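Engineer: This is the structure, below, for whatever I ask next.
The values are calculated or read from the model by the stated rules, or taken from the named source; none is laboratory data. Being a predicted model, the structure only gives us computed values, none of them experimental. A quick note on method: Cβ atoms are made from the backbone with ideal geometry, for glycine too, and the neighbour counts reach across all protein chains shown.
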Amino acid sequence: MRFATSRLPGLLVTEHEVVVPLDHDDPSGEHLSVFARELVAPRKRDQDLPWLVFLQGGPGVPAPRPTSRAGWLGRALLDHRVLLIDQRGTGRSAPVTRQTLAHRDDAEQQAAYLRHFRADAIVRDAEVLRHEVAGGREWTLLGQSFGGFAALTYLSFAPDALSDVVITGGLPPLDRGPEDVYRATYARVADRYRRFVERYPEDTARLDAVADHLATTDVRLPSGDPLTVARLQSLGTVLGHSDGLETMHYLLERAWAGDELSDAFLSQVESRTSFVDRPLYALLHEAIYCSGPGIASRWAAQRVRDELPAFSPDARPLLPTGEMIYPWTVEQDRALAPLAEAAQLLAEVDDWPALYDVDQLARNTVPVAAAIYHDDMYVEYAYSLETAQRLGTCRWWVTSEYVHDGLRSDARVLDRLLDMAAGEA
């Protein structure tokens, strides 16, 4: 279904919606809608441009909401028609929230429903869009972070749909379980915090003072959720962004109002640690590392953390954590708490379908260009390089100039990767 076209500065926008099966292997069962925005430069609206489809990071995060042609989007629109897909469960594509799941009778039904929201289903949704919106033409795939994970699923099971693939900060480990991932990323978080302390040495004492206060005082966030030391640690997820060190510093410098934590600080902590706007991220984050039967996440981040006393909430200096999800993450966030039992059931699933066909990836002939960020806090550099070396026709660019959000922070990242995929760099 095609909706009306609208204009933004430098953009012509057309909205699309397709109906897809919840389970693509059961087309007679439940269905849901998937939404996407088509963008084109107004002067090129009638040109027969190649398509570039963007897969957002996450999981559980909707596509960007464009307001202009700034950044990487402007570069893409020089020679492409761009499609921004709200991956199923996000944005306008059958969003998953405590409200939308409330009509399912129990946690078992909720968990059974949520099992259909991983990369394998996202790829099959994209194939429906390719046929109905792009006329079945091959298209360029741009995958950022988790979108890069989905790109390798796409290359595994529908490579003929792709003319070329560009991946930024998102080459996944192909056959490593979630425990391996978290052992690596905890070390990355510790290193990133070390760099933070080198830049802002007084902030160690500031963070520890907040933690000591929380350890002895019942502090509530504006929503009424408790602010525990563990939740304070999860604020460290911001450190992996290009402006993350400054974000953390400016938060801590205004933490106090006399002898209590300031309202401004509490509001910012809540907005950066709550999953009210992306519940699917928390519910399925560990499942993206479970490829094939016999692998259950079983709250891998918590189990690995238990091996690392330096990350204990009682340790001083306090070490922040990253994007890890824990049982308490769900239980103590009022946007997630009604789904805690379903989250537990998902953590115990050990018969997930395979997300990658490693043999197909090894004989891949679709041009692939990947940016691997050496200092990436979220996607382990060594595992990404390992995957790149196992992927046919892959060219990779290892850099320490950028961190995980390099695509967002500098349009030259996409420019270089498109040139690499075309064999021009």
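Engineer: Here are some residues: ALA340, ALA335, ALA347. Which one is free of Cβ contacts under 8 Å to residues at least 40 places away in the same chain, surrounded by 16 or more Cβ atoms within 10 Å (Cβ to Cβ) and under 30 Å from SER223 (Cα atoms)?
Structural biologist: Step by step, each of ALA340, ALA335, ALA347 is checked, and only ALA340 is free of Cβ contacts under 8 Å to residues at least 40 places away in the same chain, surrounded by 16 or more Cβ atoms within 10 Å (Cβ to Cβ) and under 30 Å from SER223 (Cα atoms).
Engineer: Next up: Report, by residue number, each residue of region 366-394 that is more than 23 Å from ASP415 (Cβ to Cβ) and over 22 Å from the mean Cα position of the chain (by Cα).
Structural biologist: GLN389, ARG390, GLY392
Engineer: Considering only residues that are surrounded by 15 or more Cβ atoms within 10 Å (Cβ to Cβ) and not in a loop (DSSP other than H, G, I, E, B), which ones fall in region 350-361?
Structural biologist: Selection gives VAL358, LEU361.
Engineer: Let me ask you something else. Do you know which residues across region 244-259 are surrounded by 13 or more Cβ atoms within 10 Å (Cβ to Cβ) and among the charged types (D, E, K, R)?
Structural biologist: Hits for region 244-259 are GLU246, GLU253.
Engineer: Hey, another quick one. Could you check VAL19 against (1) over 23 Å from the mean Cα position of the chain (by Cα); (2) assigned to a loop (DSSP other than H, G, I, E, B) and say which number it fails?
Structural biologist: (2)
Engineer: Output yes when any residue across region 339-355 is modelled with pLDDT of 95 or more and under 30 Å from ALA422 (Cβ atoms), and no when none is.
Structural biologist: yes
Engineer: Which one of the conditions (1) closer than 26 Å to THR185 by Cβ; (2) outside the structural domain of GLU286 (by TED's automatic domain parsing); (3) free of Cβ contacts under 8 Å to residues at least 60 places away in the same chain; (4) more than 19 Å from the chain's Cα centre (by Cα) does ARG363 fail to meet, given that it meets all the rest?
Structural biologist: Going through (1) closer than 26 Å to THR185 by Cβ; (2) outside the structural domain of GLU286 (by TED's automatic domain parsing); (3) free of Cβ contacts under 8 Å to residues at least 60 places away in the same chain; (4) more than 19 Å from the chain's Cα centre (by Cα) one by one, ARG363 breaks only (1).
Engineer: Go through region 362-379 and give me each residue that's buried (at least 23 other Cβ atoms within 10 Å of the Cβ) and either closer than 19 Å to ALA111 by Cβ or in contact with a Cys (Cβ under 9 Å, 6 or more places away or on another chain) (or both).
Structural biologist: VAL368, ALA369, ALA370
Engineer: Of everything in region 262-276, what is touching a Ser or Thr at 6+ places or on another chain (Cβ under 9 Å) and not in a helix (DSSP H, G or I)? Give them in sequence order.
Structural biologist: SER274, PHE275, VAL276, listed by residue number.
Engineer: Between TYR373, TYR378, TYR402, which is farther than 30 Å from THR100 by Cα and in contact with an Asp or Glu (Cβ under 8 Å, 6 or more places away or on another chain)?
Structural biologist: Unique residue meeting the criteria: TYR402.
Engineer: What number of residues within region 117-155 are touching a Lys or Arg at 6+ places or on another chain (Cβ under 8 Å) and under 23 Å from LEU339 (Cβ atoms)?
Structural biologist: Looking only at that region, the number is 4.
Engineer: Out of the residues in region 366-417 that are in contact with a strand residue (DSSP E or B) (Cβ under 8 Å, 6 or more places away or on another chain), touching a residue at least 40 places away in the same chain (Cβ under 8 Å) and β-branched (Val, Ile, Thr), state the one that is farthest from ARG192 (Cα to Cα).
Structural biologist: VAL366
Engineer: Those residues that are of a type outside the set (S, T, N, Q) and closer than 17 Å to ASP359 by Cβ, I need them from region 389-411; list them, please.
Structural biologist: Matches in region 389-411: ARG390, LEU391, GLY392, CYS394.
Engineer: Can you tell me which residue is farthest from ALA347 (Cα to Cα) among those in region 284-319 that are charged (D, E, K, R) and in contact with a helix residue (DSSP H, G or I) (Cβ under 9 Å, 6 or more places away or on another chain)?
Structural biologist: Across region 284-319, the extreme among qualifying residues is ARG316.
Engineer: Would you check which residues across region 74-90 are under 13 Å from LEU414 (Cβ atoms) and in contact with a strand residue (DSSP E or B) (Cβ under 7 Å, 6 or more places away or on another chain) and list them?
Structural biologist: Passing the criteria: ALA76, LEU77, HIS80, VAL82.
Engineer: Can you find even one residue in region 81-91 that is within 22 Å of LEU162 (Cα to Cα), over 21 Å from the mean Cα position of the chain (by Cα) and free of Cβ contacts under 8 Å to residues at least 40 places away in the same chain?
Structural biologist: Taking every residue of region 81-91 in turn, none turns out to be within 22 Å of LEU162 (Cα to Cα), over 21 Å from the mean Cα position of the chain (by Cα) and free of Cβ contacts under 8 Å to residues at least 40 places away in the same chain.
Engineer: Select from region 105-125 the residues that are in a helix (DSSP H, G or I) and among the charged types (D, E, K, R) and write down the one among them that is farthest from ALA354 (Cα to Cα).
Structural biologist: Ranking the candidates gives GLU108 first.
Engineer: Considering only region 134-160, how many residues are under 22 Å from ASP415 (Cβ atoms) and not in a strand (DSSP E or B)?
Structural biologist: Of the residues in that region, 5 qualify.
Engineer: Checking SER271 against (1) over 19 Å from GLY89 (Cα atoms); (2) touching a residue at least 24 places away in the same chain (Cβ under 8 Å), which test does it fail?
Structural biologist: If we test SER271 against (1) over 19 Å from GLY89 (Cα atoms); (2) touching a residue at least 24 places away in the same chain (Cβ under 8 Å), just (2) comes out false.
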